[in-house]
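Shown next, in structure tokens, is the structure this report addresses.
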Amino acid sequence: MPITAGLDIGSRTTKIAVVESGQLVHSRVVDTGTDPLARARELLADLPGLGHGPAPVVATGYGRHLARERLGFPVITEIKAHALGASHLFPACRTVIDIGGQDSKVIRVEAGRQVNFEMNDRCAAGTGRFLEVMAVTLGYTVAEFGPAALAGSEPVSISSMCTVFAESEVISLIARGVDKHSIALGLHDSIVQRLVAMVGRVGVEPEAVLTGGVAQNECVRVLLERRLGLRLLVPEHPQLTGALGAALCAAT
Ligand code: ADP
């Protein structure tokens, strides 16, 4: 089987996954920043063990059209990439919940292919961006935010889901001396409620796989599992699922 690569140009991070015989042999994740093409070129320059000419590369993600126009790579949608990647890692996968930096999606899958999906890319609530802004407002890094929320005893209800208004609400709760952990738990709970509504519209069937950078947030996973009443499987590197799917597509 040839060595192939998947390039996932996301709104927050750009990922490369190199696959040989169905196995991930190399990967990198970098911030997309303001020059996605430069980041993509950096990742491509770094491909190891591809001495016999360039590896076939398939691109996906928010910036995939740039990869097609400027780098000449074939592209697939993020929906297809996540369906392929998640089904490769968990062959019994029937549902993928992908929460990235600027969008979230629920994908129903059969035999590795998407049969239905819904996507939210209009509103930051329910995406990694909302969590990033709220983490900073509460003085946490994104990696600290989920564990901090899980330490909260009672979720504080947050009435606004608009990022800007929710931020002011959080600032006034901090000023009133409300426990930060409970504010963090309330924020996680409100975005999870949004995600659950989207999951409900598409339907969920086990096995369900959680992908994207936000899958690394333990509190999001735990609250989703509680509200959906089912266990979510999380890949070892959830952020790489789309790049993995694109690399697998390049091999076919
Ligand atoms: P995209 O593909 O849209 O660029 P990603 O799938 O890379 O997005 O997800 C980016 C999001 O992942 C960030 O907005 C952030 O909320 C979240 N994230 C990244 N690293 C962590 C981490 N260590 N713990 C929790 N969340 C994280």
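Bear in mind these aren't lab numbers, they're just calculated from the coordinates by the rules spelled out. Keep in mind it's a predicted model, so treat the numbers as computed, not measured. As a convention, Cβ positions derive from the backbone with ideal geometry for all residues, glycine included, and neighbour counts pool all protein chains shown.
Only Lys, Arg, Asp and Glu carry charge here, each on its Cβ (+1 for the first two, -1 for the last two); on that basis segment 106-252 has a dipole of about 240 debye about its Cα centre.
Do you know the relative contact order of segment 144-252, to the nearest whole percent, from alpha carbon pairs under 8 angstrom that are 6+ apart?
Numbers: 118 pairs, mean separation 30.0, N = 109.
Worked out over segment 144-252, it gives 28 percent.
Bridging of K15 to lysines at a Cα separation below 26 Å is possible for K80, K105, once same-chain residues fewer than 8 apart are set aside.
What do you get for Rg/Rh over segment 1-105 if you use C-alpha atoms and the Kirkwood form of Rh? Provide the component values of the computation, followed by the final result.
Values: Rg = 13.4 Å, Rh = 14.1 Å.
When Rh is taken as the Kirkwood radius, the ratio is 0.95.
Projected onto their three principal axes, the Cα atoms of segment 110-236 cover extents of 51, 27, 22 Å, largest first. Note on Q23 and A151: with the Förster distance fixed at 35 Å, the Cβ-Cβ geometry gives a FRET efficiency of about 0.40. Counted over segment 94-235, the DSSP beta bridges are approximately 65% antiparallel. Dividing the C-alpha radius of gyration of segment 79-181 by 2.2 N^0.38 Å, with N its residue count, gives 1.32.
Note on R226 and L37: the extension gain reaches 64.1 nm, defined as 0.36 nm multiplied by sequence separation minus the Cα-Cα distance. Note on R70 and S172: the model spin-label points, each 7 Å out from Cα along the C-beta direction, lie 4.3 nm apart. Rounded to the nearest whole Hz, the Karplus-based 3J(HN,Hα) values (6.51 cos²θ - 1.76 cosθ + 1.60, θ = phi - 60°) of segment 107-117 follow the sequence 10, 8, 10, 9, 6, x, 10, 6, 10, 6, 7, with x at glycine and proline. Residue-normalised convex hull volume from the C-alpha trace of the chain: 117 Å³ per residue.
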